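Notes follow the structure.
The values are calculated or read from the model by the stated rules, or taken from the named source; none is laboratory data. Please read these numbers as outputs of a predicted model, since none were measured by experiment. Cβ placement follows ideal geometry from the backbone for every residue including glycine, while neighbour counts extend to all protein chains displayed. Ligands, DNA and RNA are stripped out before the accessible areas are found, and what is left, the full protein with its side chains, is counted by its heavy atoms. Shrake-Rupley method; radii C 1.70, N 1.55, O 1.52, S 1.80 Å.
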Amino acid sequence: MKTEFVDVNETRKNVRVEIPQDVVAAEIDRVARDYSRRAKIPGFRPGKAPARVIKQRFKDQILHDVAHDLIPRERGVEAVDTPDVRDVTLEEGQPLTFTASFDTVPSFDPGELSTIALNRPRVDIAEEAVDGALQRLRERSARFEPIEGRGLDHGDTAVVDLERRDASGKPDSHHDVPIELGAKANPPGFDEQLLGLTAGATKSFTVHFPEDYPIGELANSDMSYTVAVKGLKRRVLPELDDEFAKDLGVESLDALRARVREDLEHEARHAAERDVRGELMKQLATRLPFDAPDSLVEREVDRRVEEFAHRLMDQQIDPRQAGIDWNAFRESQHEVARESVAAALVLQEVTRRERIDVTGDEVDREVERYAERTGRTTAAVRAALEKEGGLSRVAAGLRREKSIDFVMSRATIAGNS
């Protein structure tokens with residue numbers, strides 16, 4: 001086999017490969033036999049399709065497999081993604097020649113870790129924060145009482161039958177809709193039209209949505225509404241006293257305030273730790289001495305786009321109907337994806353140089369912790385992970401955490417918690 005390497009840049013490589021005819025034939029026969037055992041070819045029983053049919057049907061896959069396997073490891077080169085195979089020449093009785101382009105990550109020095117300087121924010125919970133959290137508890141415990149003897153005012157809730165029409169005139173009706181005056185989701189100018197209405201009242205009006213309205217299809221448009229008020233109610237907050245605390249399972253208001261402060265401090269410490277780790281990864285990214293490989297950046301962009309789409313679906317929003325310019329969104333993710341990949345590569349190099357790894361016992365303990373959190377048996381969780389190939393992901397996650405902890409232990413961290 002003849003190979004000729006060309007360094008496109010520090011991470012992108014081209015290799016021109018020429019494989020002798022006898023090696024080509026033997027390798028293709030071997031791979032074809034493997035495909036033949038697994039492939040379902042119309043008109044042939046499993047494993048009975050002629051070799052020429054298999055070679056014809058799976059030619060591209062076979063070439064990609066061969067290209068990936070033929071990158072010489074003795075050159076210290078390993079592809080981080082499937083090579084891009086082109087300029088393929090394959091004729092009967094002739095050598096196979098092709099060019100494979102691929103990304104790789106060379107070894108590099110991540111630098112002295114003790115020169116990483118981080119600042120851990122001080123955790124200091126102000127009384128105003130505790131008061132705010134107690135107020136939110138009151139609001140969640142609020143009850144509603146019917147309104148009598150007056151019309152709607154700010155903060156009240158109206159139960160209405162509502163019909164709306166856009167410029168096309170097509171009606172869209174909803175019944176028994178609760179509308180709180182002052183809610184952020186209400187259309188601009190909508191609340192003012194309802195002020196003073198009493199139960200039994202009906203009112204028709206038009207709302208204009210401004211050009212900068214965040215929902216694109218409504219921006220710079222008019223919507224006509226007809227609202228029939230069926231009932232009025234107001235939200236009543238409980239008094240902030242010992243009885244309120246007891247309703248929440250705490251013996252006194254002082255004890256509730258102490259517990260709220262403790263919860264806020266716990267959240268603040270976690271937020272501070274996330275900030276420190278985020279800054280750590282930013283600094284690690286700057287230590288990559290070459291541009292992050294494009295294939296890894298695109299893979300990270302794909303992951304971020306998929307994650308965002310899943311978040312939309314979790315909110316019962318169809319990503320295809322969300323009015324999002326997905327090409328623009330992908331483009332907006334490239335810079336942060338490039339930084340994320342750079343930081344991960346530097347961390348991987350630290351992991352390799354320091355020989356950081358995880359044991360089978362550590363993986364077992366992590367599986368047990370996950371089983372406890374999800375209320376499942378350890379055996380069931382392990383079986384599911386083994387079926388999905390998830391144990392390697394568990395190990396990779398633990399290895400990454402150990403590597404971050406190692407770097408944090410070497411870094412200079414100012415501040416206190």
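Cα extents for the chain along the principal axes, largest to smallest and rounded to whole angstrom: 98, 60, 45. Quote the FRET efficiency, to the nearest 0.05, computed for ALA199 versus THR82 with a Förster distance R0 of 56 Å and r equal to the Cβ-Cβ distance. For R0 = 56 Å, the calculated efficiency reads 0.25.
The HN-Hα couplings worked out from phi for segment 256-267 by the Karplus form 6.51 cos²θ - 1.76 cosθ + 1.60 (θ = phi - 60°) are 5, 4, 5, 5, 4, 4, 4, 5, 5, 5, 4, 5 Hz, whole numbers, x standing for Gly and Pro.
The phi torsions of segment 287-303, fed into the Karplus equation with coefficients 6.51, -1.76 and 1.60 and a -60° offset, translate into couplings of 8, 6, x, 8, 5, 4, x, 4, 5, 6, 5, 5, 5, 5, 4, 4, 4 Hz, rounded to whole numbers, with Gly and Pro shown as x. Cα axis of helix 360-374 to longest principal axis of the chain: angle in degrees, 0 to 90, nearest 10? Value to nearest ten degrees: 30. Protection proxy ranking, highest mean first, for peptides 94-102, 209-217: 94-102, 209-217, where packing is the per-residue count of other beta-carbon atoms within 10 Å, averaged. Once Lys and Arg get +1 and Asp and Glu get -1 on their Cβ, which of GLN316, ALA328, ALA371 lies farthest toward the positive end of the dipole of segment 280-373? Of the candidates, ALA328 comes out farthest on the positive side. Backbone amide hydrogens, once placed in the peptide plane, bring ALA201 within less than 5 Å of VAL229, excluding anything fewer than 5 places away on its chain. Annotation: amide H of TYR213 within the under-5 Å range of ASN220, sequence separation 5 or more or interchain, hydrogens built in the peptide plane.
The stretch between ARG259 and ASN14, if pulled fully straight at 0.36 nm per residue, gains 82.0 nm over its current Cα-Cα span.
Entry comment: accessible area of segment 210-264 is 63 Å² per residue, from protein heavy atoms only and a probe of 1.4 Å. Obtain the nm distance between the two label points defined at HIS154 and ARG57 by a simple spin-label model: each point lies 7 Å from its Cα along the Cα-to-C-beta direction. Calculated label separation equals 7.2 nm. Element breakdown for segment 97-213 at a 1.4 angstrom probe: carbon and sulfur atoms account for 48% of the accessible area. Backbone geometry of segment 10-19 corresponds, through the Karplus equation with coefficients 6.51, -1.76 and 1.60 at θ = phi - 60°, to 3J(HN,Hα) couplings of 5, 10, 9, 10, 10, 10, 8, 10, 10, 10 Hz, x marking Gly and Pro.
May I ask you to give the percent of accessible area on segment 243-389 that is carbon plus sulfur, with a probe radius of 1.4 Å? Walk me through the numbers on the way to the answer.
Numbers: 4390 of 9510 Å².
Its accessible area is 46 percent carbon and sulfur atoms.
Would you mind working out the accessible area per residue for segment 91-152, using a 1.4 Å probe, and quoting it in Å²?
Numbers: 3590 Å² over 62 residues.
In whole numbers, segment 91-152 has 58 Å² accessible per residue.
Within 10 Å, count the other beta carbons around each residue, average over each peptide in 188-194, 167-173, and list them highest first.
Values: 188-194: 15.3, 167-173: 8.6.
Top of the packing list down: 188-194, 167-173.
Summary of the geometry: segment 109-180 and segment 260-277, compared by the centres of their Cα atoms, lie 22 Å apart.
If R0 is 41 Å, the Cβ-Cβ spacing of GLU306 and GLU211 corresponds to a FRET efficiency of close to 0.80.
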